[in-house]
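A short write-up of the structure that comes next.
The values are calculated or read from the model by the stated rules, or taken from the named source; none is laboratory data. A quick note: this is a predicted structure, and the numbers were derived from the prediction, not measured. Cβ: placed from backbone, ideal geometry, glycine included. Neighbour counts: every protein chain shown. The area values use the complete protein model at the heavy-atom level, side chains included, leaving out ligands, DNA and RNA. Shrake-Rupley method; radii C 1.70, N 1.55, O 1.52, S 1.80 Å.
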Amino acid sequence: GHLEQFQPESLRFIEKHGYDLKCNVKVLLDAFLETYHLKSIHPQTVDRFLDSRGTHAVLWRNGNSMMCTPHRRADWRDPGAVGMPEVQTVESIFAQQNPSYLFYPNLVTPPSATGTPIITFWPKTARSMTVDVHWFAPDGAEGHELWPTRMSNFERILEEDTQFAPRIQESVETAGFK
């Protein structure tokens, strides 16, 4: 299977963060299921190393899916993770692509050999939600000198993904969508 190579039984819980947002859960979850927004939302981060034109999506039963987006260069490695402890059984395809799994209805995870965020989307009201991010990583990642850089990079990308969520929520509530 896809996830066995990440040896989930050997990963450790590292940290958790929660984010409250003023939008319907479906507004934000959609951004994690496509790559069309990379050029406009992530021009200085994700779009620099991912090639959205090569994105491949696999749809499975019960609403689950996997999306793989290739790196622009096959030899690219996340500079914020080079030198961190890794799960050695992860296939090389995951070093050349960015996989992301959706487990319907509300869990997204882009697994990596150096650490995996489990991202859950929780509705609070019709116009608000919480995003929880639980990080798991191999032994040695907790307290590693590069872990703060890894978290800072992830936080920046998450901020980019969420920055327009309240305005998108406002737009879907206009008369044009009713």
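Okay, here's what the table says:
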| read-out | value |
| --- | --- |
| Any hit, the range 7-17, residues being part of a helix (DSSP H, G or I), free of Cβ contacts under 8 Å to residues at least 12 places away in the same chain and farther than 28 Å from GLU170 by Cα | yes |
| Residue that is over 30 Å from PRO166 (Cα atoms), β-branched (Val, Ile, Thr) and surrounded by fewer than 12 Cβ atoms within 10 Å (Cβ to Cβ), where the choices are VAL82, VAL87 | VAL82 |
| Residue among ILE168, ILE157 that alone is touching a helix residue (DSSP H, G or I) at 6+ places or on another chain (Cβ under 7 Å), open to solvent by less than 50 Å² (accessible area, probe 1.4 Å) and either of a type in the set (Lys, Arg) or part of a helix (DSSP H, G or I) (or both) | ILE157 |
| Selection within the range 123-150 - open to solvent by 20 Å² or more (accessible area, probe 1.4 Å) and in a helix (DSSP H, G or I) | PRO148, THR149, ARG150 |
| Single unsatisfied condition, GLY63 versus (1) touching a Phe, Trp or Tyr at 6+ places or on another chain (Cβ under 7 Å); (2) within 20 Å of SER10 (Cα to Cα); (3) of a type in the set (Gly, Ala, Ser) | (2) |
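Each row is one residue, and each column tells you yes or no for (1) touching a His at 6+ places or on another chain (Cβ under 9 Å); (2) at pLDDT 95 or above; (3) of a type in the set (D, E, K, R).
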| residue | (1), (2), (3) |
| --- | --- |
| PRO99 | yes, no, no |
| LEU102 | no, yes, no |
| PRO105 | no, yes, no |
| VAL108 | no, yes, no |
| PRO111 | yes, no, no |
| ILE119 | yes, yes, no |
| THR125 | no, yes, no |
| ASP132 | yes, yes, yes |
| TRP135 | yes, yes, no |
